[in-house]
Amino acid sequence: MLQIQKIREQKDNFIDALKKRNIDAKPLFDEIVALDEKRRATQTELDNTLAESNKLSKEIGMLFKSGKASEANELKAKTGDLKEVSKKLGDDLNQAADQLQELLYQIPNIPHESVPSGNSDEDNEEVFREGAVPELTDNALPHWELAKKYDIIDFELGVKVTGAGFPVYKGKGARLQRALISYFLDKNTAAGYTEIQVPHLVNEASGYGTGQLPDKEGQMYHVQADDLYLIPTAEVPVTNLFRDEIVKKEEFPIRYTGYTPCFRREAGSYGAHVRGLNRLHQFDKVEIVRVEHPDNSYNALNGMVEHVKTILRELKLPYRILRLCGGDLGFTSALTYDFEVFSTAQDRWLEISSVSNFETYQANRLKLRFKDENGKNQLAHTLNGSSLALPRVLAGILENYQTANGIEIPEVLVPYCGFDTIS
RNA sequence: GGAGAAAUGGCAGAGUGGUCGAAUGCGGCAGUCUUGAAAACUGUUGAGGGUCACACCUCCGGGGGUUCGAAUCCCUCUUUCUCCGCCA
């Protein structure tokens with residue numbers, strides 16, 4: 001959520017920047033500024049009324065104490081009007097504040113200056129590419145065929161037990177999955193991230209804290225009996241650890257990594273592109289989260305990008321990095337880099353990681369602050385990234401490492417798997 | 001799930017209708033002393049709104065109520081603790 005003071009100060013700049021998202025924010029901002037003025041005016045009026053009635057109450061107390069009951073009762077009669085006025089002003093204030101909040105929730109984050117303009121993923125800007133695309137034989141198979149051939153992932157069984165998009169991993173498939181999780185966590189902790197295990201269900205306040213609510217209400221599984229949401233990413237519980245916190249600036253950088261399953265309803269997406277592991281309702285992901293001093297957040301973002309690179313290099317997967325354009329940028333993000341692995345067998349790029357800086361957007365909702373050098377509380381910056389998302393990495397490995405003799409296991413994973421081929 | 005107790009500032013812990021945003025201790029910060037540190041002493045130290053800056057306003061788990069006035073009384077929700085039950 002944007003800070004109202006910042007909107008007041010630089011409304012026109014924001015409107016300009018939001019054009020990159022193909023949004024004309026002017027009407028909304030005009031309404032917000034007007035509402036904010038109304039809110040403050042009402043607040044001032046209410047404050048004055050309350051000040052007066054506080055004063056009267058004190059006088060009444062003194063009079064009673066010194067035994068002047070009749071004078072006290074006289075004053076009492078005067079307080080009725082004030083009470084009525086302050087009640088009305090209080091209601092007005094709440095109403096204005098609620099309306100303002102609702103409008104603020106509708107505004108996405110301001111894109112970073114480096115974000116290219118554009119409408120869709122086609123306008124994303126490739127900034128880096130690395131790794132050799134393997135030459136596969138003509139009869140190379142997509143991963144869903146390989147999964148069947150070697151009996152390592154069973155999609156039909158998942159359908160029986162739950163429904164489409166909930167695969168069952170079997171034998172070496174399950175082991176490879178577990179190996180990847182361990183390997184990712186080890187890489188992340190070696191890079192200074194503290195491993196953490198968090199709940200897989202979160203409350204409504206957490207959903208608002210990181211911005212999934214109200215924007216993506218329909219994308220999360222909602223357990224209505226308990227009013228809890230299944231997490232769509234570890235970002236939600238991990239970042240919300242810092243909700244309503246004031247951290248010491250010496251604590252920076254704050255770095256966490258966690259493995260969780262992720263649950264997404266993915267309402268309305270069907271077709272060839274969601275086959276196999278390409279899009280699931282439940283998948284595993286290892287996430288990295290950072291809380292940073294504003295001066296260091298872009299530095300931190302670059303560090304996260306470099307870190308994910310080292311993992312893909314070790315896995316020897318061909319990949320590229322995209323800087324997301326305004327039209328494809330997530331609602332809460334200021335700058336996002338997507339990592340994509342190339343799958344020869346599918347002849348397409350698969351998104352396997354997304355690394356973002358949210359600047360103060362989440363921190364403002366979370367009330368996540370730090371004390372600066374002047375002792376003033378300031379919003380921190382939050383960042384996160386996948387390191388990495390399992391299914392598409394798995395798909396990439398299966399498809400790129402297939403040989404006539406089976407699927408080879410990337411060297412770095414062999415110690416984690418305990419085998420070097422799936423055949 | 002049943003019965004009881006509790007929720008106060010970074011932490012501990014007073015405060016049971018008026019001068020309480022809140023004693024005291026610890027911790028933090030600044031200073032005095034010291035070559036430096038420790039100890040001791042002195043001062044300072046919650047959050048938000050508002051203002052050029054003050055003033056002023058709100059917040060004692062959340063919400064609602066009683067009252068001229070609520071941390072304090074009432075209702076309700078949540079959470080924690082103790083005991084019982086159930087259970088991986």
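The values are calculated or read from the model by the stated rules, or taken from the named source; none is laboratory data. All values derive from a computational prediction rather than experimental measurement. In this analysis, Cβ positions are derived from the backbone assuming ideal geometry, glycine residues included, and neighbour counts consider all displayed protein chains. Remember, those area values only see protein heavy atoms, side chains included, never the ligands or the DNA or RNA. Shrake-Rupley method; radii C 1.70, N 1.55, O 1.52, S 1.80 Å.
Before moving on, here are some points about what is shown:
- Only Lys, Arg (+1) and Asp, Glu (-1) charged, at Cβ; segment A:61-209 dipole about Cα centre in debye: 1120 debye
- Between the residues A:Tyr298, A:Asn109, A:Leu366, the greatest Cα displacement towards the positive end of the dipole of chain A, with unit charges on the Cβ of Lys, Arg, Asp and Glu, is found for A:Leu366.
- Of the GluC sites (Glu not before Pro) found in segment A:60-113, the ones in coil according to DSSP and having at most 13 other Cβ atoms within 10 Å of their Cβ are A:Glu113.
- Taking all protein chains together and rolling a 1.4 Å probe, A:Lys83 ends up with roughly 150 Å² accessible.
- Once the Cα atoms are used to define both axes, helix A:4-18 deviates from the longest principal axis of chain A by about 40 degrees.
- Non-local lysine pairs in segment A:111-194, meaning eight or more places apart or on different chains, with alpha-carbon distances under 22 Å, amount to 9.
- Surface listing: A:Leu141, A:Leu322 arranged by accessible area from highest to lowest gives A:Leu141, A:Leu322, probe 1.4 Å.
- Sequence of A:Leu75, A:Leu368 from largest to smallest accessible area, 1.4 Å probe: A:Leu75, A:Leu368
- Take chain A with all the other protein chains still there, run a 1.4 Å probe, and you get 49 Å² of accessible area per residue.
- Computed [θ] at 222 nm, helices only, for chain A once each DSSP H run of length n ≥ 4 contributes -39500 (n - 2.57): -14000 deg cm²/dmol
- Order by protection proxy (mean Cβ within 10 Å, highest first), peptides A:207-213, A:4-10: A:207-213, A:4-10
- Burial order of peptide ranges A:104-111, A:197-204, A:385-392 (average beta-carbon count within 10 Å, highest first): A:385-392, A:104-111, A:197-204
- FRET efficiency, A:Asn405 to A:His200 (Cβ-Cβ, R0 35 Å, nearest 0.05): 0.35
- Charged side chains reduced to their Cβ positions (Lys and Arg at +1, Asp and Glu at -1) give segment A:121-422 a dipole of some 560 debye around its Cα centre.
- Largest accessible area first, the residues A:His381, A:His112 order themselves as A:His112, A:His381 under a 1.4 Å probe with ligands, DNA and RNA left out.
- Note on segment A:4-105: with neighbouring protein chains present and a 1.4 Å probe, carbon and sulfur make up 50 percent of its accessible heavy-atom surface.
- For A:Asp24, the solvent-accessible surface computed with a 1.4 Å probe is close to 110 Å², ligands and nucleic acids excluded.
- Summary of packing: across the peptides A:133-140, A:252-259, A:37-44, the per-residue average of other C-beta atoms within 10 Å ranks them, highest first, as A:252-259, A:37-44, A:133-140.
- Positive-pole candidate from A:Gln43, A:Gln95, A:Phe14, dipole of segment A:4-105, charges at beta carbon: A:Gln43
- For chain A, the alpha carbon positions stretch 102, 43, 43 Å along the principal axes, listed from largest to smallest.
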